[in-house]
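The values are calculated or read from the model by the stated rules, or taken from the named source; none is laboratory data. A quick note: this is a predicted structure, and the numbers were derived from the prediction, not measured. In this analysis, Cβ positions are derived from the backbone assuming ideal geometry, glycine residues included, and neighbour counts consider all displayed protein chains.
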Amino acid sequence: MESPTTLREDDVQAVHKLNAAYRRLVAELGRVIVGQQQTIEELLIAMFARGHCLLVGVPGLAKTLLIRTLADTLSLKFSRIQFTPDLMPSDITGTEVIQEDKASGVRQFKFLEGPIFANVILADEINRTPPKTQAALLEAMQEHQVTVGGTKHRLSEPFFVLATQNPIEQEGTYPLPEAQLDRFMFNTYVDYPDEEEELEIIRRTTTEALPALEPTLSAEEILSLQTIVRKVPMAEHVARYALRFTRLTRREKGEVPQFIRDYVSWGAGPRASQYLVLGAKARAVLHGRYYADCEDVRAVAAPVLRHRIMTNFNAEAEGVKPDTIIKRLIEVIPESDLETTAGGRVPEVFRSADAR
């Protein structure tokens, strides 16, 4: 296990600063959002790890409100894009128009920026628009730039795409292709509130207006704190622990548990391994620790992997979801490096009766 001394003194102070910023953000969000602590944590982990997040939940669970409230607590430019079937790519990226100089009479093209030129993008109901328009986000999400008329336009930093999706109404929708789903660091499930939380929601929303929020972090502070996340040390056995979650979802590659062969058609790619490590580091720092451990990896395993594991017909017939597979992987993957074999091979524990 790595010790705090592996970070320089100024980095140690930055960890304290990030932990303090996390607590301030959670407190500020709590003035508007009731409950949803895990969702808030996953959103902030993705933000400080420079990732994008897809929020999936039924209508009325405050997904849009949560993202807008997060933007209000940050000194960042916010833009909301309501995805509809008639939305065109240029409606997102912007377009070139001809403008005439009244003095000289010269006409020239001028680029008018679209709503994607902001720091926090709310892509509301992203599965409501056709693939051509969904693809307009791909370059922006990966390269932080858009290309219009052969000219590249850089986006402002920091840049986050926070998308929402309704999982129950599929008529007239366009499911995101796997390549675009893979661009999202997290796929976060937004669940129903419990009874006391729902009662508090009723009290807050039926009596008075929502409180005004105070911005807590600037763009420069966020960029600085994002750099600290990547400096967080991780022991090799923790990195291998994260790696096994990804590699053991690939049924055609080496030895895997029997339930993977039974229920998985395609496993996660290398981007999942990267996000498991980055997510674990970000979570460790948000909680005020100077190193990432196996518990951090387990905490981010579900949001990282659930949209990267493609289940087969057997899983659908038996009601086995990606989350079920991830939970079984957590049960069978050994945590200690003493339980593993040389070269990262799958140890006997994976081939036990429990793993089958």
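For segment 104-117, the criterion of being surrounded by fewer than 19 Cβ atoms within 10 Å (Cβ to Cβ) and closer than 30 Å to Leu225 by Cβ is satisfied by at least one residue.
Scanning segment 174-202 for residues that are of a type outside the set (Asp, Glu) and in contact with a Lys or Arg (Cβ under 6 Å, 6 or more places away or on another chain) gives Asn187, Val190. Cβ-Cβ contacts under 6 Å between residues 6 or more apart (or on different chains), taken from a first residue in segment 290-319 that is of a type in the set (Lys, Arg) to a second residue that is crowded, with 23+ Cβ neighbours inside 10 Å, are listed as Arg308/Ala268; Arg308/Ala272.
Of the residues making up segment 178-221, those that are assigned to a loop (DSSP other than H, G, I, E, B), more than 25 Å from Met47 (Cβ to Cβ) and among the charged types (D, E, K, R) are Asp194, Glu208. Scanning segment 57-91 for residues that are at pLDDT 85 or above, of a type in the set (A, V, I, L, M) and surrounded by fewer than 19 Cβ atoms within 10 Å (Cβ to Cβ) returns Leu87, Met88. Within segment 27-38, the set of residues being part of a loop (DSSP other than H, G, I, E, B) and under 23 Å from Met185 (Cβ atoms) comprises Ile33, Gly35, Gln36. Does segment 161-181 include one or more residues that are surrounded by fewer than 18 Cβ atoms within 10 Å (Cβ to Cβ), charged (D, E, K, R) and modelled with pLDDT of 85 or more? Within segment 161-181, not a single residue is surrounded by fewer than 18 Cβ atoms within 10 Å (Cβ to Cβ), charged (D, E, K, R) and modelled with pLDDT of 85 or more.
Would you please name the residue that is farthest from Val97 (Cα to Cα), looking only at residues in segment 118-156 that are acidic (Asp, Glu) and surrounded by 14 or more Cβ atoms within 10 Å (Cβ to Cβ)? Step by step, filter segment 118-156, then rank; the result is Glu125.
If I filter segment 308-333 down to residues being of a type in the set (Gly, Ala, Ser) and loosely packed, with under 15 Cβ neighbours inside 10 Å, which single residue comes out as nearest to the chain's Cα centre (by Cα)? The selected residue is Gly319.
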